[in-house]
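For reference, the structure is listed below as structure tokens.
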Amino acid sequence: MKISATVTLKKEVLDPQGKVVGQTLKNMGYKNIVNVRQGKYFDIELDETDKEKAKKIAEEICKKLLTNIVIEDYTINLK
Amino acid sequence: MKSSVIVFPGSNCDRDVAVALEKFQIKNQMVWHDESNLPKSDLVVLPGGFSYGDYLRTGCIASKSRIINDVLKHANRGGLVLGICNGFQILIETGLLPGVLLRNKKLRFLSKNVFLKVINVNSKFCLNYNKKNIIKLPIAHNEGNYFANNALLKKLEDRNLIAFKYCNEKGDINNTSNPNGSSNNIAGILNNGKNILGMMPHPERLIDPLLSGEDGSIMFESLLKSH
């Protein structure tokens with residue numbers, strides 16, 4: 001089963017890279033840019049067919065390794 | 001006194017800190033990250049560098065190394081642990097120290113000398129700084145912006161767990177003397193037991209007049225004295 005995880009900085013944490021990307025887009029003429037947040041994306045292939053089990057494993061690895069839960073949030077997608 | 005310097009793929013201050021430890025007659029051993037047994041040590045040093053190329057988050061992959069299990073046991077027994085620069089980032093990722101180290105506020109790698117005020121001169125690492133509490137040490141990092149929420153900052157201040165703060169030559173702690181945007185100008189912190197110190201500046205780089213100063217020596221002398 002394939003799952004994906006997106007990791008982004010929490011809303012209250014300053015994201016300087018996202019800010020610079022947003023500012024650059026504005027400078028390029030995209031005046032309607034309001035906000036940009038930069039994050040990380042993981043494609044994970046699991047040897048597991050049970051959706052619930054896969055979700056549980058994904059949650060666990062997000063908490064244990066992929067995110068620093070002090071400053072980051074994650075979302076999981078099962079495909 | 002016996003020490004172990006843990007070497008990760010990408011560590012690059014491991015030999016510098018070994019030279020410093022040996023200069024002060026601390027019997028040092030280099031320990032590869034993949035070892036499962038930590039040799040008998042009074043002090044464990046996590047050196048600076050770019051362990052695992054800073055993949056995922058700085059210090060993150062190193063914090064899951066095999067040897068870390070023994071480092072955690074050593075730390076929880078009250079053994080001394082010193083994390084410098086990337087070592088500080090690793091300590092944060094292991095959960096031995098609280099808070100987080102973000103990218104420098106201005107997104108630039110900083111490599112320069114900074115002034116520091118030694119806030120807690122009672123820990124085993126900093127005893128001898130009671131005679132000289134405004135010092136100069138080099139920093140060299142991209143992710144040294146220490147961030148803690150208000151509750152944690154209050155706890156660190158109230159319990160005297162802040163080891164160093166960035167300041168100017170006169171010892172003033174303000175925004176202009178803050179190189180990387182750290183909360184409350186924090187450059188180094190201690191754990192509750194005060195046996196673990198994490199710091200962004202490099203004491204091992206200033207241990208000889210030939211290296212333009214000896215403010216780092218004071219830390220190694222303190223460790224010896226407390227032993």
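The values are calculated or read from the model by the stated rules, or taken from the named source; none is laboratory data. The model shown is predicted, which means the values in this text are computed figures rather than measured ones. So basically every Cβ, Gly included, is an ideal-geometry build from the backbone, and we count neighbours across all protein chains shown.
List of remarks:
- Taking every residue in the range B:105-117 that is more than 14 Å from every other protein chain (Cβ to nearest Cβ) and pairing it with any residue that is among the basic types (K, R), at least 6 positions away or on another chain, the pairs with Cβ-Cβ distances below 6 Å are B:N113/B:K136; B:F115/B:K136; B:K117/B:K165.
- Looking across B:E221, B:E214, B:E204, one residue alone is acidic (D, E), within 11 Å of B:F125 (Cα to Cα) and either out of contact with any Phe, Trp or Tyr (no Cβ under 6 Å at 6 or more places or on another chain) or in contact (Cβ under 8 Å) with a residue 12 or more places away in the chain (or both). It is B:E221.
- Residues in the range B:1-10 that are surrounded by 20 or more Cβ atoms within 10 Å (Cβ to Cβ) and touching a Ser or Thr at 6+ places or on another chain (Cβ under 7 Å) were compared, and the one that is farthest from B:G53 (Cα to Cα) is B:S3.
Okay, residues lined up against (1) surrounded by 24 or more Cβ atoms within 10 Å (Cβ to Cβ); (2) under 25 Å from A:L66 (Cα atoms); (3) polar (S, T, N, Q):
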| site | (1), (2), (3) |
| --- | --- |
| B:W32 | no, yes, no |
| B:L46 | yes, yes, no |
| B:T58 | yes, yes, yes |
| B:K105 | no, yes, no |
| B:S111 | no, no, yes |
| B:F115 | no, no, no |
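- Output for the range B:55-75, where each listed residue is within 14 Å of another protein chain (Cβ to nearest Cβ) and in contact with a His (Cβ under 6 Å, 6 or more places away or on another chain): B:S65
- Residue check for A:V36: touching a helix residue (DSSP H, G or I) at 6+ places or on another chain (Cβ under 8 Å), without any contact (Cβ under 8 Å) to a residue 24 or more places away in the chain and more than 17 Å from B:I61 (Cβ to Cβ): yes
- A:Y74, sole failed condition from (1) modelled with pLDDT under 90; (2) closer than 27 Å to B:S183 by Cα: (1)
- Meets criteria (within 27 Å of B:V100 (Cβ to Cβ), under 17 Å from the mean Cα position of the chain (by Cα) and modelled with pLDDT under 95) for A:Q23: no
- The residues listed here are B:G87, B:G78, B:G99; of these, the one that is crowded, with 20+ Cβ neighbours inside 10 Å, more than 14 Å from chain A (Cβ to nearest Cβ) and at pLDDT 95 or above is B:G87.
- Those residues of the range B:47-78 which are farther than 18 Å from B:L102 by Cβ and charged (D, E, K, R), in sequence order: B:K64, B:R66, B:D70, B:K73, B:R77
- Cross-chain or 6+ apart pairs with Cβ under 8 Å, the range B:159-188 first and acidic (D, E), then at pLDDT 95 or above: B:E169/B:F115; B:E169/B:I134
- Flag: B:L38 matches the condition of being surrounded by fewer than 21 Cβ atoms within 10 Å (Cβ to Cβ), in contact with an Asp or Glu (Cβ under 7 Å, 6 or more places away or on another chain) and either among the β-branched types (V, I, T) or more than 14 Å from chain A (Cβ to nearest Cβ) (or both).
- Residue match in the range B:11-27 (condition: farther than 21 Å from B:E221 by Cα, surrounded by 22 or more Cβ atoms within 10 Å (Cβ to Cβ) and either under 15 Å from the mean Cα position of the chain (by Cα) or modelled with pLDDT of 95 or more (or both)): yes
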